[in-house]
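Asker: My questions all concern the structure below.
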Amino acid sequence: MRMNAAIVVLLTGLVGATFGFGIYLFAQLVLDMRASLGFDLSWVGAITASGQCGYLAAALLAAWLTPRIGGGRVIFVSGVVCAVALMLIPLTDNILLIGALLTLLAASAATIFVPMVDVVSKVVSWRYRGMAMGLVSSGTSYGVFVNSLLVPVYAPQGEWRMVWWWVGLLTVIMSIMVLWTFKRSGLFSKAVTEPAPAAVAPASLKRSGSLAWIKPWVLIVWAMNFLMGFSTFAFQNYLSSYLRSELGFDVSYTAQIWAAIGFVGMFSGLAVGMLSDRIGLRTTMVLVFLSVLLAALIFVFQPTGYWPLVAGVLFSLAFYPIFGLIPAYVSKLASSASMAVAIFAIANVMQGTGGMLGNYGAGLLASHSGSFAGVYGVIGVVAVMLVALTLTLPGEARHVETAGVPSSS
């Protein structure tokens, strides 16, 4: 039981490292790095786009690798790659190399997050997967929190490289702990006994070229992931611009809203995941999307006073947990861990594609309309669509767990 809990905590830490210590840290240090290295804003856009492409490609690579060498090995190697990339960034002044390393970090995020479904399916019992994956999905918020402690200490003194050294060292330590824990738990062994719920025929993946495993609920999940990326990424990315340039809030209040989003995000994944284990994943997802809807409506109709802060909290209650609820749902309905990984990998690609299109479309809409209110109106409509799609999903399969899956996490 303790070992299984340690595995979930380590997965959370690795998600925090790959997501939080990668592009998120670069975004916090970009002004300091520009001042030191002399690159322009075009490089920032190019690196961000390259990171997104790296993530999408790596999500598919993870789906191919995981059934062949095992999710535990993929995650461990990805953690090592992440640690090495973080340690190399402060050693170079070449922005092209830094961009390549940040792209590698984004790719390692995918090759950790996608096989997570495989590992969690093996070590966490069916009934507690919502809680486990909810905690893992909040890992990014912990990484951002660590960034917020380190950046104010070193960046003002021009020592931005020290921040990368520290997060690299933390990731090295985590990778060593993953090696020891995964080895003791047998997660480096490819051979496992996998559960077989009634949702999908067990032999469907074995038939060469067969698409029988693509059930209606799988298509719905992919559509939901696309819409989640389309709406929530734009919500987050244009928030500061809306608050400061259009609504006229100062830097301090905007920072308070982001601090609230980060603080709530540190606990919302675990709390909402635990709720999903009690009331069901579908019901919880409906509540989460309603939370996004309410947050968007506030920014459309009542973006004054303390209401933007309320909207930020509502968004945080949804944003971090939902990326754990979807893989938890997939792991419960898929006939095997390998099938769950394949479904979730494509879901990640759909999510990333939706995010890119959503960000681009939101920018176009705001520039043509002269206001971000329309952007948040569209996000509200998408949230309603997500609620409707969630209600069409089948209930989680009720099946007897195999002996290889523990009864408690």
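The values are calculated or read from the model by the stated rules, or taken from the named source; none is laboratory data. No experiment lies behind these values; they were computed from the predicted model shown. Using ideal geometry, Cβ is built from the backbone for each residue, glycine included, and neighbour counts are taken over all protein chains shown. Accessible surface is based on the protein model in full, side chains and every heavy atom, while ligands, DNA and RNA are left aside. Shrake-Rupley method; radii C 1.70, N 1.55, O 1.52, S 1.80 Å.
Asker: Write down the Kirkwood hydrodynamic radius of region 68-177, to one decimal in angstroms, obtained as one divided by the mean of 1/r over all alpha carbon pairs.
Answerer: Kirkwood radius, region 68-177: 15.3 Å.
Asker: I want to verify the translational diffusion coefficient of region 22-84 in µm²/s; compute it with Stokes-Einstein, Rh as the Kirkwood radius over Cα pairs, at 4 °C and 1.567 mPa s.
Answerer: Numbers: Rh = 13.7 Å.
Taking Rh from Cα pairs, D becomes 95 µm²/s.
Asker: What FRET efficiency, computed as 1/(1 + (r/R0)^6) with R0 = 22 Å and r the Cβ-Cβ distance, is obtained for M274 and S148, rounded to the nearest 0.05? Can you show the working numbers first?
Answerer: Values: r = 26 Å, r/R0 = 1.17.
Working from the Cβ atoms, E equals 0.30.
Asker: Then there's this: Averaged per residue, what accessible area in Å² does region 1-75 show with a 1.4 Å probe, protein chains only?
Answerer: On the way: 3220 Å² over 75 residues.
I get 43 Å² per residue for this part.
Asker: If a helix is a whole DSSP H run, which ones in the chain reach 24 Å or further along their own axis (Cα) and hold a mean Kyte-Doolittle hydropathy of at least -1.0? Can you show the working numbers first?
Answerer: Details: long enough: 41-69 (41 Å, 1.05); 71-88 (26 Å, 2.08); 95-113 (27 Å, 2.39); 160-185 (38 Å, 0.96); 216-237 (31 Å, 1.06); 251-279 (40 Å, 1.10); 281-301 (30 Å, 2.44); 307-333 (39 Å, 1.47); 337-369 (46 Å, 0.89); 373-392 (29 Å, 2.22).
Counting only whole DSSP H runs, the qualifying helices are 41-69, 71-88, 95-113, 160-185, 216-237, 251-279, 281-301, 307-333, 337-369, 373-392.
Asker: I257: net charge of surrounding residues, Cβ under 15 Å, Lys/Arg +1, Asp/Glu -1, itself excluded? If you can, show how the numbers build up before the last one.
Answerer: Working: positive: R244; negative: E246, D250.
Summing Lys and Arg as +1 and Asp and Glu as -1 gives -1.
Asker: Another one. Would you work out what percent of the accessible area of region 92-194, with all protein chains in place, is carbon or sulfur (probe 1.4 Å)?
Answerer: So the carbon and sulfur contribution to the accessible surface is 70 percent.
Asker: At 7 Å along the Cα-to-beta-carbon direction for both L219 and N94, put a label point, then send me their distance in nm to one decimal.
Answerer: It is 4.8 nm.
Asker: Counting only protein heavy atoms, what percent of the accessible surface of region 276-373 is carbon or sulfur at a 1.4 Å probe?
Answerer: On the way: 2370 of 3280 Å².
Accessible surface attributable to carbon and sulfur in region 276-373 totals 72 percent.
Asker: Which of the listed residues, P394, L227, F372, is farthest toward the dipole's positive end in the chain, when Lys, Arg count +1 and Asp, Glu count -1 at the beta-carbon?
Answerer: The Cα lying farthest towards the positive end belongs to P394.
Asker: Rounded to the nearest Å, what's the spacing between the alpha carbon centres of region 32-56 and region 302-326? Just the number, please.
Answerer: When both Cα centres are located, 28 Å separates them.
Asker: Using the scaling law 2.2 N^0.38 Å as the reference, what is the normalised Cα Rg of region 1-130?
Answerer: Numbers: Rg = 16.1 Å, N = 130, 2.2 N^0.38 = 14.0 Å.
Working it through for region 1-130, the quotient is 1.15.
Asker: OK, next. Given a Förster distance of 30 Å, report the FRET efficiency between L61 and R184 from their Cβ-Cβ distance, rounded to the nearest 0.05.
Answerer: On the way: r = 27 Å, r/R0 = 0.90.
E(calc), rounded to 0.05, equals 0.65.
Asker: For the pair S241 and L357, what calculated FRET efficiency results from E = 1/(1 + (r/R0)^6), where r is the Cβ-Cβ distance and R0 = 22 Å, to the nearest 0.05? List each step's numbers first, then the result.
Answerer: On the way: r = 18 Å, r/R0 = 0.84.
So, using R0 = 22 Å, E works out to roughly 0.75.
Asker: For region 319-360, what is the convex hull (Cα atoms) projected area averaged across all directions, in square nanometres? Write down the numbers at each step before the final one.
Answerer: Numbers: hull surface 11.9 nm².
Result: 3.0 nm².
Asker: Could you work out Rg/(2.2 N^0.38 Å) for the chain, with Rg from alpha carbons only?
Answerer: On the way: Rg = 20.6 Å, N = 409, 2.2 N^0.38 = 21.6 Å.
The chain yields a ratio of 0.95.
Asker: Report relative contact order for region 244-333 in percent, whole number only (criteria: Cα-Cα under 8 Å, sequence separation at least 6). Don't skip to the answer; put the middle values down first.
Answerer: Details: 76 pairs, mean separation 37.3, N = 90.
Relative CO of region 244-333 lands at 41 percent.
Asker: Another one. Just from the alpha-carbon atoms, what are the Rg and Dmax of region 253-383 in angstroms?
Answerer: In Å, with Rg to one decimal and Dmax whole: 16.2, 50.
Asker: Quickly work out the Q256-to-V384 label distance, labels modelled 7 Å from Cα along the C-beta direction, and quote it in nm with one decimal.
Answerer: Each label point lies 7 Å from its Cα, and together they span 3.2 nm.
Asker: Further question on the same structure: Using mean Cβ contacts within 10 Å as the protection proxy, how do 91-101, 70-80, 130-140 order, highest first? Mind showing how you got there, number by number?
Answerer: Working: 91-101: 16.0, 70-80: 24.1, 130-140: 29.5.
For the peptides 91-101, 70-80, 130-140, the packing ranking is 130-140, 70-80, 91-101.
Asker: Moving on to the next point. Only Cα pairs under 8 Å and at least 6 apart count here; give the relative contact order of the chain as a rounded whole percent.
Answerer: The normalised contact order for the chain reaches 27 percent.
Asker: Find the centroid of the Cα atoms in region 246-300 and in region 126-187, then give the distance between the two in whole Å.
Answerer: Between the Cα centres of region 246-300 and region 126-187 lies a distance of 22 Å.
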